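Notes to accompany the following structure.
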Amino acid sequence: MDIISRSKFLSKILRHDPGIIGLQLDPNGWADVTELLQRVHWSIPDLDLIVSTNNKQRFEFSPDKTKIRACQGHSLPVNLNLNPLQPPTKLYHGTCDTAIAPILAAGIDKRSRTHVHLSLDYATALKVGSRHGTPIVLEVDSETMHKDGVQFFLSTNNVWLTDFVDKKYVRVSQGVAVTLIPIQNTIVPPTSTTDNSFF
């Protein structure tokens, strides 16, 4: 199993299904490193390499490196002990063409995850959307959401988290509420009708 496959497998274990190898997570999402390694037949250097080379830094060790967990993205009920924080003025959400209509109609739902995931920058959100099809980047008026009492959290790998994003806080790209045009496999809005009043 190569390192990418191992990273995906570790993500499945720590985010969604530890039972697949007979492992249990504690209430905060931590798994015992020794037990994990015994069950997957990896070495400590193997695990160190997976954690250190993951491009999104999805995993973290406890300070003494006896435990490991996923930083975010769980479908299991875990308490990551994150404190509410004031978010940036705007955040971004990467999605795809097949999901855009339900989002604009009803908002961004966490679905099977414990939180909605939001990115600090457009480029990261675009990469996220690209994993699911023709990407679309949404801007989220996180400043107004926070003023309206919605809580935000920041994971240890710098993903912004919240429970739900109402449609009134969402718009496509630069605030252009018009027909989308596909360009080079990326859906972007026409530049001729920009409305900057959203933020």
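The values are calculated or read from the model by the stated rules, or taken from the named source; none is laboratory data. The structure presented is a predicted model; accordingly, all values stated were derived computationally and were not measured. Quick reminder, even Gly has a Cβ in these numbers, built from the backbone with ideal geometry, and neighbours come from all protein chains shown.
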Condition first: free of Cβ contacts under 8 Å to residues at least 40 places away in the same chain, surrounded by 14 or more Cβ atoms within 10 Å (Cβ to Cβ) and closer than 17 Å to ARG58 by Cα. Now tell me which residues in segment 33-48 satisfy that.
VAL33, LEU36, LEU47
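State all residues of segment 49-60 that are aliphatic (A, V, I, L, M) and either surrounded by fewer than 16 Cβ atoms within 10 Å (Cβ to Cβ) or within 17 Å of ASN158 (Cα to Cα) (or both); if no residue qualifies, say none.
Going through segment 49-60, the residues aliphatic (A, V, I, L, M) turn out to be 49-51.
Listed by number, the residues that qualify are LEU49, VAL51.
Report, by residue number, each residue of segment 61-75 that is in a loop (DSSP other than H, G, I, E, B) and crowded, with 17+ Cβ neighbours inside 10 Å.
If we filter segment 61-75 for residues that are in a loop (DSSP other than H, G, I, E, B), which is where we start, we get 62-66, 71-75.
Answer for segment 61-75, where residues must be in a loop (DSSP other than H, G, I, E, B) and crowded, with 17+ Cβ neighbours inside 10 Å: CYS71, GLN72, GLY73, HIS74.
Table: residues versus (1) buried (at least 16 other Cβ atoms within 10 Å of the Cβ); (2) under 12 Å from the mean Cα position of the chain (by Cα); (3) charged (D, E, K, R); (4) not assigned by TED's automatic domain parsing to the domain that holds THR134.
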residue	(1), (2), (3), (4)
PRO84	no, no, no, yes
THR95	yes, yes, no, no
ALA101	no, no, no, no
ALA105	no, no, no, no
LYS110	no, yes, yes, no
ARG113	yes, yes, yes, no
The one condition in (1) closer than 25 Å to SER52 by Cβ; (2) surrounded by 17 or more Cβ atoms within 10 Å (Cβ to Cβ); (3) more than 12 Å from the chain's Cα centre (by Cα); (4) not basic (Lys, Arg) that TRP160 fails to fulfil:
(3)
Take the conditions among the hydroxyl-bearing types (Ser, Thr, Tyr), in contact with a Gly (Cβ under 7 Å, 6 or more places away or on another chain) and not in a strand (DSSP E or B) and apply them to THR89. Does it pass?
no
